[in-house]
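One structure below.
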Amino acid sequence: MGRGKVNFELIIRALNDIGYTGPLSVEWEDGGMDREYGAAESAAFCKKVDFPSSDIVFDAQFDKEKQS
């Protein structure tokens, strides 16, 4: 995970855009890397790109803060 050409951030953004809240599953395989090291690295990468979506448009947040 994170070493290939798949743009996982784009996938997470698309899932957030449609309101997907179900599970995510990934498959990691690398015969040239220690399994435990690779699994830990992949899990850390997934946690980094799996961010929560926002309920408001970015610029609208500033308007809301001005009203306070």
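The values are calculated or read from the model by the stated rules, or taken from the named source; none is laboratory data. Because the structure is predicted, anything quoted here is derived from the model rather than measured. Ideal geometry is used to build each Cβ from the backbone, glycine not excepted, and the neighbour counts take in all protein chains shown.
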For segment 1-42, enumerate the residues that are out of contact with any Phe, Trp or Tyr (no Cβ under 9 Å at 6 or more places or on another chain), part of a helix (DSSP H, G or I) and β-branched (V, I, T).
I11
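Here's a check for you: in segment 6-26, which residue that is within 21 Å of Y37 (Cβ to Cβ) and of a type outside the set (S, T, Y) is surrounded by the most Cβ atoms within 10 Å (Cβ to Cβ)? Reasoning before the result, please.
Quick first cut of segment 6-26, residues within 21 Å of Y37 (Cβ to Cβ) only: 6, 8, 25-26.
Still in the running and of a type outside the set (S, T, Y): 6, 8, 26.
Details: V6: 11, F8: 17, V26: 11.
If we take residues in segment 6-26 being within 21 Å of Y37 (Cβ to Cβ) and of a type outside the set (S, T, Y), then F8 is surrounded by the most Cβ atoms within 10 Å (Cβ to Cβ).
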Give just the number: which of (1) hydroxyl-bearing (S, T, Y); (2) surrounded by 10 or more Cβ atoms within 10 Å (Cβ to Cβ); (3) at pLDDT 80 or above does S53 not satisfy?
(3)
Take the conditions modelled with pLDDT of 85 or more, within 16 Å of G2 (Cβ to Cβ) and of a type outside the set (D, E) and apply them to Y37. Does it pass?
yes
